[in-house]
1. Looking only at strands (runs of 3 or more DSSP E) that fall completely inside segment 166-215, which ones have 2 or more residues that are in contact (Cβ under 8 Å) with a residue 24 or more places away in the chain, within 25 Å of residue 125 (Cβ to Cβ) and touching a strand residue (DSSP E or B) at 6+ places or on another chain (Cβ under 7 Å)?
2. Sort out which residues of segment 164-214 are surrounded by fewer than 15 Cβ atoms within 10 Å (Cβ to Cβ) and in contact with a helix residue (DSSP H, G or I) (Cβ under 9 Å, 6 or more places away or on another chain), and write them in order of number.
3. Which residue is nearest to the chain's Cα centre (by Cα), if the candidates are limited to segment 80-111 and must be within 16 Å of residue 206 (Cα to Cα), part of a loop (DSSP other than H, G, I, E, B) and at pLDDT below 70?
4. Is it the case that segment 131-147 has a residue that's at pLDDT below 85, part of a strand (DSSP E or B), in contact with a strand residue (DSSP E or B) (Cβ under 9 Å, 6 or more places away or on another chain) and surrounded by fewer than 17 Cβ atoms within 10 Å (Cβ to Cβ)?
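The values are calculated or read from the model by the stated rules, or taken from the named source; none is laboratory data. Bear in mind the structure is a predicted one, so any value in this text is a computation, not a measurement. Cβ sites come from the backbone with ideal geometry, for glycine too, and all protein chains shown count toward neighbours.
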């Protein structure tokens, strides 16, 4: 009787573990992105940190998040196949999440992505590693006022997405310029800026992941 009872408990625990392993965290962003993985940290009213299956870690401001849920993992494998092209072709989703995370982090939450549009794309293979290069157009919006060094009509303004939360002090070149002679441009809350660039994804054993970004 004891042996039978112990076996029954093991069966119940096994099904419980299997059920838990089939559940994942899903972060829905207001820009339409859907990020699946494991939520590592949530700071109420501030940020959420999530790790995807390919080990990428993304941090988003709560102001960018529509909702966070737990859902059953989608079936990403086809019968007699190690990878289903149809179900794992989430390259645009990965690229948008990758760039949204970079922009949010480097701008200390001042910038958020409104739209991410693919202009062109090409698949490459270097030394046996598959890459997918996406030429994109991004529309960003200022969550709060910010100051950016550079020309607002060139891509150099967002080379690293750094935005100051307060106006920089007057540099040696006078008001409106920093010490490097770069123009300081002020942006108001809600103002939007569009720019172009490209991002490379690489195919790992766990799926596509962000690799290199260019402007």
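1. Result: 192-204, 207-214.
2. Within segment 164-214, just 196 meets the criteria.
3. Top of the filtered list is 89.
4. Looking for residues that are at pLDDT below 85, part of a strand (DSSP E or B), in contact with a strand residue (DSSP E or B) (Cβ under 9 Å, 6 or more places away or on another chain) and surrounded by fewer than 17 Cβ atoms within 10 Å (Cβ to Cβ), one finds none in segment 131-147, hence no.
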